[in-house]
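Before any comments, here is the structure.
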Amino acid sequence: MVRDNKVNDFLKKLISLVKKERELQIEAMKSEIRRMSGKRREKAGRAVLNLKGKVVSTQFGYTYVKYGRAKDIETEISQGDLVLVSKMGSNPLKSDLTATVADKGRRFLVLAFEKSVPEWALKNVRIDLYSSETTFNRMLDTLKSLLKEERGCAISAIELYLGLKEVEKGEKVEFEPFDKLNDSQLEAISLAIGSEFFAIHGPFGTGKTKTAAELVRQLICRGERVLATASSNIAVDNFMNYFLKLKSFKAIRIGHPARMSKELVEHSLPYLAERHPDYREVREIESQIKDVVGKRDLLEKPKPKWRRGLSDEEIVEAAEKGVALRGIPLKVLVSMAEWIRLNREVEKLIKEKIELEKKIHREILEEANVVFSTNSTSFVLKEYGLEFDRCVVDEASQSSIPESLIPLSLSRKFVLIGDHKQLPPTVEVKELEKTLFEKIVELNSSMLKIQYRMNEDLMEFPCKAFYGCMLKADKSVKNLKLEVSSKIISEKPLQFIDTSKSQNKWERRRKGSPSRENPLEAKIVEKLVGELLRLGVSSDRIGVITPYDDQAELIRKLVNCEVNTVDAFQGREKDVIILSFVRSNREGKIGFLMDERRLNVSLTRARMKLIAVGDSETLSNLNLYSQMIEHFKNKGCFMSSDVFC
């Protein structure tokens, strides 16, 4: 089949966009490290200073170091993040030592290093949240390979996206479910099994991941080998945990052990590889490498100071003849020649080790019914020559097209699961916000229609505004209530606290910051959290969300509960959510609140009660917010902030 030129043009455009995104993200990270002092970056939650480290173990080929200090560590850095390790007082960007956060406690962080840890990295250390180029490089390699050849169903996916190919809608397939499912979930799975390309649209709380896990089980029962992926490690872990709840299949998790939940490590490729019968040979080779390296490092390394332009062959030949060259003492020449010989032996042993590990990994992976991975990490499966019958991508609405094409290039069919009414991929280049999921939803899809998260009063407005009134609250949640009330906490599930009549309602901007904060709203949130705690609502049931980083930072200093941005809270839920909108200005500007998907996420995190705090005058400049405020008023849930003054 001759490929349409539009496909190659599209691939070339994606390559250009990914390169631009890589440059912007890496430069933004470096710029912040250059611009902000260590103390300020630590205050922002993206660095930890004055740490002391101790090697605690070696596992799966990684060295684990526990870093701690007497002062509490308050940081956004969390398990699975890539960090840059540097010496206090030095320029962090001059360090090339990176590691992955394996564990986190009140006063410590455990980091996993892929190489040996130098002595300097154990005392007086600074750790910075860092960006890696690995994911970008994997996307670029995949896109470039697709320019040359057909791989999996990736080209078909592009043709569908560009309107160059029509979807052949499949018939419903009968199956016996392992899990208890509602009618819309059963229908979605039935249609997905019978289709070559399919999308399952799962709004908030409708059991997307539960449905995805059941779909994978059913595909395996039909003899298919499945690749199950998602954009983030947390989403992959959630996907795999759901899958493992019912029916025992051979499932393997690939990726860095420090980036996966501890419960899943025993299902990981590194864990299984170390228990393979042939792995003792790997350990024997590692022992040989250590022994040879020890001998090599006692010799003179051929540095430029001694090499003086001589090649390895010339050094070895001169040493064998016993001839001094270019003023190099014969003793040094002989030592360098022996160093070269032993170094070649080390390289040979390392190659043997890599080949043996690859053979072990391939054997393990070939036995798997399903492999779980992030979209990016699935790239490594290419080197094992594995092909999958179907790729099931969860949270596909948060995966850019270049990212989605990585797993799709490894499978013959695909099913995408997500919700394009919530936030898109987090990118700097806006053109990369477009997803394959949005297109497939239009072509061949099914929607999950029963939500299991929230009280039906909380559900009413987002259901009407974003989902065409097609959702219903399951009877198990439709009447969920907090059952507490006071002067400032109403008994109703919904509550809007309006600051529009307050003199000190205005937002402000910190010097040099692109973000926003609103002190009045922060104080109101503080009083609300304090009152909820007084009424007996535990702090772990309360979440505070806001669209702006600076507002989140401001509120964290005032309350004893989880505080985060709306974007970071996508996919999460709490019994009580307090939402601070922040924007309040004379011009009526609402900035990136204009993305209506952010409002959808904001309104759908609460299970029992949502308290929104904002300036109705500023917010009403956008029609959807005006409709939301009218909804609050019609429900009798609208109150002035005067009661807090």
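The values are calculated or read from the model by the stated rules, or taken from the named source; none is laboratory data. Note that the coordinates shown come from a computational prediction; the quantities given were computed from them, not determined experimentally. For neighbour counting, all protein chains shown are included, and Cβ atoms are generated from backbone atoms with ideal geometry for every residue, glycine included. Surface accessibility is based on the protein's heavy atoms, side chains included, excluding ligands, DNA and RNA. Shrake-Rupley method; radii C 1.70, N 1.55, O 1.52, S 1.80 Å.
A few comments on the model shown:
- Condition met for Lys71 (open to solvent by 30 Å² or more (accessible area, probe 1.4 Å) and either closer than 30 Å to Ser231 by Cα or modelled with pLDDT of 90 or more (or both)): no
- Looking only at the stretch 459-501, residues that are among the aromatic types (Phe, Trp, Tyr) and part of a loop (DSSP other than H, G, I, E, B) come to 1 in all.
- Single unsatisfied condition, Arg583 versus (1) closer than 18 Å to Cys463 by Cβ; (2) modelled with pLDDT of 95 or more; (3) among the charged types (D, E, K, R); (4) open to solvent by less than 30 Å² (accessible area, probe 1.4 Å): (1)
Here is a yes/no grid of residues against (1) of a type in the set (Val, Ile, Thr); (2) within 30 Å of Ile450 (Cβ to Cβ); (3) modelled with pLDDT of 95 or more:
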residue	(1), (2), (3)
Lys472	no, yes, yes
Ser490	no, yes, no
Leu494	no, yes, yes
Gln503	no, no, no
Ser513	no, no, no
Ile524	yes, no, yes
Lys527	no, no, yes
Glu531	no, no, yes
Val537	yes, yes, yes
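- Flag for Leu416 being at pLDDT 95 or above, of a type outside the set (Val, Ile, Thr) and closer than 30 Å to Val601 by Cα: yes
Each row is one residue, and each column tells you yes or no for (1) charged (D, E, K, R); (2) within 27 Å of the chain's Cα centre (by Cα).
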{"residue": "Met336", "(1), (2)": "no, no"}
{"residue": "Ile340", "(1), (2)": "no, no"}
{"residue": "Ile360", "(1), (2)": "no, no"}
{"residue": "Glu366", "(1), (2)": "yes, yes"}
{"residue": "Thr374", "(1), (2)": "no, yes"}
{"residue": "Ser378", "(1), (2)": "no, yes"}
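- Sub-6 Å Cβ pairs linking a first residue in the stretch 515-529 that is over 17 Å from Asp615 (Cα atoms) and touching a residue at least 24 places away in the same chain (Cβ under 8 Å) to a second residue that is part of a helix (DSSP H, G or I) and open to solvent by less than 40 Å² (accessible area, probe 1.4 Å), at least 6 apart or interchain, are Ser515/Asp550; Lys527/Phe644, ordered by first then second residue.
- Selection from the stretch 126-145 of residues that are buried (at least 23 other Cβ atoms within 10 Å of the Cβ) and of a type in the set (A, V, I, L, M, F, W, C): Ile127, Met139, Leu143
- The set of residues from the stretch 16-37 being within 30 Å of Arg510 (Cβ to Cβ) and either among the polar types (S, T, N, Q) or at pLDDT 90 or above (or both) comprises Lys20, Glu21, Arg22, Glu23, Leu24, Gln25, Ser31, Ser37.
- The stretch 478-498 residues that are at positive phi, paired with ones that are surrounded by 20 or more Cβ atoms within 10 Å (Cβ to Cβ) (beta carbon under 9 Å, 6 or more apart): Glu483/Met608
For (1) among the small types (Gly, Ala, Ser); (2) open to solvent by 50 Å² or more (accessible area, probe 1.4 Å), each residue gets a yes or a no:
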position: Ala258; (1), (2): yes, no
position: Ser268; (1), (2): yes, no
position: Arg296; (1), (2): no, no
position: Lys305; (1), (2): no, yes
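- For the stretch 594-601, the condition holds for no residue, the condition being that it is β-branched (Val, Ile, Thr) and surrounded by fewer than 18 Cβ atoms within 10 Å (Cβ to Cβ).
- Verdict on Asp457 being open to solvent by 50 Å² or more (accessible area, probe 1.4 Å) and either in contact with an Asp or Glu (Cβ under 7 Å, 6 or more places away or on another chain) or touching a residue at least 40 places away in the same chain (Cβ under 8 Å) (or both): yes
- Phe569 being under 23 Å from the mean Cα position of the chain (by Cα), farther than 21 Å from Pro493 by Cβ and aromatic (Phe, Trp, Tyr): no
- Inter-residue pairs, beta-carbon under 7 Å, first without any contact (Cβ under 8 Å) to a residue 40 or more places away in the chain and in the stretch 230-246, second of a type in the set (Gly, Ala, Ser) and buried (at least 21 other Cβ atoms within 10 Å of the Cβ), 6+ apart: Tyr242/Ala213
- Test: residue in the stretch 83-93 that is of a type outside the set (D, E, K, R), part of a loop (DSSP other than H, G, I, E, B) and within 30 Å of Ile350 (Cα to Cα): no
- Restricting the stretch 250-270 to residues that are in a helix (DSSP H, G or I) and out of contact with any Pro (no Cβ under 7 Å at 6 or more places or on another chain), the residue that is nearest to Tyr62 (Cα to Cα): Ala258
- Enumeration of residues in the stretch 401-438 that are open to solvent by less than 10 Å² (accessible area, probe 1.4 Å), touching a helix residue (DSSP H, G or I) at 6+ places or on another chain (Cβ under 7 Å) and among the hydroxyl-bearing types (Ser, Thr, Tyr): Ser404, Thr435
- Neighbours by Cβ (under 7 Å, 6+ apart or cross-chain): first from the stretch 159-184, at pLDDT below 95; second open to solvent by 70 Å² or more (accessible area, probe 1.4 Å) and not in a loop (DSSP other than H, G, I, E, B): Leu164/Lys6
- Qualifying residue in the stretch 110-120 (condition: small (Gly, Ala, Ser), farther than 24 Å from Tyr271 by Cβ and open to solvent by 40 Å² or more (accessible area, probe 1.4 Å)): no
- Count of the stretch 62-97 residues which are in contact (Cβ under 8 Å) with a residue 60 or more places away in the chain and closer than 21 Å to Thr135 by Cα: 4
- Subset tally (residues that are at positive phi and surrounded by 18 or more Cβ atoms within 10 Å (Cβ to Cβ)) for the stretch 89-109: 0
- Only a single criterion out of (1) at pLDDT 95 or above; (2) touching a helix residue (DSSP H, G or I) at 6+ places or on another chain (Cβ under 7 Å); (3) of a type in the set (D, E, K, R) is not satisfied by Arg151, namely (1).
- Scan of the stretch 505-545 for residues that are among the polar types (S, T, N, Q) and surrounded by 12 or more Cβ atoms within 10 Å (Cβ to Cβ), ordered by number: Ser513, Ser515, Asn518, Ser539
Yes/no matrix, rows are residues, columns are (1) within 21 Å of the chain's Cα centre (by Cα); (2) part of a strand (DSSP E or B); (3) small (Gly, Ala, Ser):
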| residue | (1), (2), (3) |
| --- | --- |
| Arg3 | no, no, no |
| Phe10 | no, no, no |
| Lys13 | no, no, no |
| Glu21 | yes, no, no |
| Leu24 | yes, no, no |
| Lys30 | yes, no, no |
| Ile33 | no, no, no |
| Arg41 | no, no, no |
| Ser57 | no, yes, yes |
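- In the stretch 74-88, the residues that are out of contact with any helix residue (DSSP H, G or I) (no Cβ under 9 Å at 6 or more places or on another chain) and either surrounded by 17 or more Cβ atoms within 10 Å (Cβ to Cβ) or more than 30 Å from Val559 (Cα to Cα) (or both): Ile77, Val83
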